[in-house]
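Okay, structure first, notes after.
The values are calculated or read from the model by the stated rules, or taken from the named source; none is laboratory data. All values reported here derive from a predicted model rather than from experimental measurement. No Cβ is skipped: glycine too gets one built from the backbone with ideal geometry, and neighbour counts run over all protein chains shown. Surface accessibility is based on the protein's heavy atoms, side chains included, excluding ligands, DNA and RNA. Shrake-Rupley method; radii C 1.70, N 1.55, O 1.52, S 1.80 Å.
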Amino acid sequence: MKKFFSIIPLQVPGRLDQYQYQAVGNQKLQMDHETSFPILTAVHGYVNPGETIEMVTLVADNENGRHNLGIFKQQLKEVCDEIGCKVQVKQISVPEDEAVATHVGTFQNLIDAVEDDDELFACITFGTKPQSTALQMALQYGYRIKENVSVSCVVYGNIQRPTAQKETWKAYVYDETALIQLDEIVRVLADRRVSRPREILDRILSL
């Protein structure tokens, strides 16, 4: 199954803006309308009519998290209605503290959501840095441990704000999947005790 992972943002009501994200490095991510959530560009680009997908959300256990989850579900429904696909939403509640035990628990909940034969997609735009780390670790777990699992696309949304005037702001969605792949390559090189890994990495990155 195609599974999409996203962290629900914590913006206060009225501050969760929508943008038409310009795709960088992967034209499948280009949408012709606005969204508040970059993961929806991956849904729009990779899901086919008639498919059933799962959306796994990390939601902070507070009022802002629950409020923004409602907005997310509405925008997700609009995209899925446009495509003609079905979606199952799985919610993982995340405590507000940044304790290591909290993030280990988040990681465990995320890997429980990964099964054999899954095709994984994720957004690393929102959330705290430890939460993004836990999400990336879960993707790597799925790829390394489960059978026939692939990581097809990891997106990151960036808003460039050159001035205080919103009309000058520009939104971009980047395909960051290569970072996950690069981490796997580095692990293999380390296991094989390659003495000059930079040369190999330079050749791979030049492809």
Restricting to region 136-147, what's the tally of residues that are within 13 Å of the chain's Cα centre (by Cα) and open to solvent by 60 Å² or more (accessible area, probe 1.4 Å)?
1
Can you tell me which of (1) over 13 Å from the mean Cα position of the chain (by Cα); (2) at pLDDT below 95 is the one Lys77 doesn't meet?
(2)
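Residues are listed down the side, and each one gets a yes or a no for (1) open to solvent by 90 Å² or more (accessible area, probe 1.4 Å); (2) touching a Leu at 6+ places or on another chain (Cβ under 7 Å); (3) at negative phi:
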site	(1), (2), (3)
Glu119	no, no, yes
Phe126	no, no, yes
Ala134	no, yes, yes
Val149	no, yes, yes
Pro162	yes, no, yes
Glu167	yes, no, yes
Tyr172	no, no, yes
Leu179	yes, no, yes
Arg198	yes, no, yes
Kindly provide the set of residues from region 81-115 that are open to solvent by 30 Å² or more (accessible area, probe 1.4 Å) and under 25 Å from Pro49 (Cβ atoms), ordered by number.
Asp81, Glu82, Gly84, Lys86, Val87, Gln88, Val89, Lys90, Glu115
Within the bounds of region 82-96, is there any residue that is under 25 Å from Ile159 (Cα atoms), in contact with a helix residue (DSSP H, G or I) (Cβ under 6 Å, 6 or more places away or on another chain) and not acidic (Asp, Glu)?
no
Given the conditions (1) of a type in the set (Lys, Arg); (2) at pLDDT 95 or above; (3) open to solvent by 30 Å² or more (accessible area, probe 1.4 Å), and given that Lys3 satisfies all but one, which numbered condition is not satisfied?
(3)
Could you say which residue among Val194, Val154 is farther than 28 Å from Thr35 by Cβ and either among the aliphatic types (A, V, I, L, M) or not in a strand (DSSP E or B) (or both)?
Val194
Kindly list the number of the only condition in (1) at pLDDT below 95; (2) within 26 Å of Ile111 (Cα to Cα) that fails for His33.
(2)
So, of the residues in region 181-196 that are surrounded by 14 or more Cβ atoms within 10 Å (Cβ to Cβ) and more than 24 Å from the chain's Cα centre (by Cα), which turns out to be nearest to Tyr21 (Cα to Cα)?
Leu189
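Residues are listed down the side, and each one gets a yes or a no for (1) buried (at least 18 other Cβ atoms within 10 Å of the Cβ); (2) more than 20 Å from Lys3 (Cα to Cα); (3) of a type in the set (A, V, I, L, M, F, W, C):
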position: Gln20; (1), (2), (3): no, yes, no
position: Asp32; (1), (2), (3): no, yes, no
position: Thr41; (1), (2), (3): yes, no, no
position: His44; (1), (2), (3): yes, no, no
position: Pro49; (1), (2), (3): no, no, no
position: Gly65; (1), (2), (3): yes, yes, no
position: Lys77; (1), (2), (3): no, no, no
Applying the selection to region 97-120, what residues are in contact (Cβ under 8 Å) with a residue 12 or more places away in the chain and not in a helix (DSSP H, G or I)?
Glu98, Ala113, Val114, Glu115, Asp116, Asp117, Asp118, Glu119, Leu120
Would you mind stating whether Gly142 is at pLDDT below 95 and either at positive phi or β-branched (Val, Ile, Thr) (or both)?
no
